[in-house]
Amino acid sequence: MSKKKEEEEPQAEDLLKEDQDAAKEKAKKAKEKSRKDNDNVPLPFLVEFAITFSTALLIVADLAIAGLSFLSGASLMDILIRTAVTTVVLGMLLWFFTMQVSNGALQAAYAEQKEHEKSSAAKKSATEALHELEG
C-alpha cells in the first residue's frame, strides 16, 4: 500500500510541475503577444504627416542649398559647410515642430482616454444604482 502511495505522489508532483510549466508558457506567449500588439500601433495621421513632411523638407532644403552653391561656383568645402549648417539649423527647427505636434496628439489622446474612463465609471455607477433600486 505504501508503495502505491509513493508511486502516486511522484505522478501528482509531475502533473503539478507540468501545469506550472504550461502556465509559464502561457504567460510568456501572452507577454509576447501584448508586446507585438504595442509594436503594431499606428501613429496618428497628423504625427505621421509631421514626421514625413519634416524629413522631406530637410532633404529638399539640403539639395537646394548644395545645388545653388554649386551653380554659384562655391568650392566643395563651402558647399559642405553650407549644407551642414542648413541640416543642423533646419533640422532642429523641424524637430521642435514635430515634437510639439506629437505632444499635442499625445495630450489629446490622454484627454480622450480620461473622458472615456469618466463616462464608463458614470455608466457603471448608474447601472449599480439602478440594480440597487430594483433589488
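The values are calculated or read from the model by the stated rules, or taken from the named source; none is laboratory data. Since this is a predicted model, take the numbers as computed values, not measurements. Backbone-built Cβ (ideal geometry, glycine too); neighbour counts: all protein chains shown.
Scanning the range 67-108 for residues that are surrounded by 11 or more Cβ atoms within 10 Å (Cβ to Cβ) and either in contact (Cβ under 8 Å) with a residue 60 or more places away in the chain or not in a helix (DSSP H, G or I) (or both) turns up A74, A105. Within the range 70-124, being touching a Ser or Thr at 6+ places or on another chain (Cβ under 7 Å) and of a type outside the set (A, V, I, L, M, F, W, C) holds for D78, R82, T98.
For T55, state whether it is surrounded by 10 or more Cβ atoms within 10 Å (Cβ to Cβ), at pLDDT 95 or above and in contact with an Asp or Glu (Cβ under 6 Å, 6 or more places away or on another chain). Here the answer is no, as T55 does not meet what is asked.
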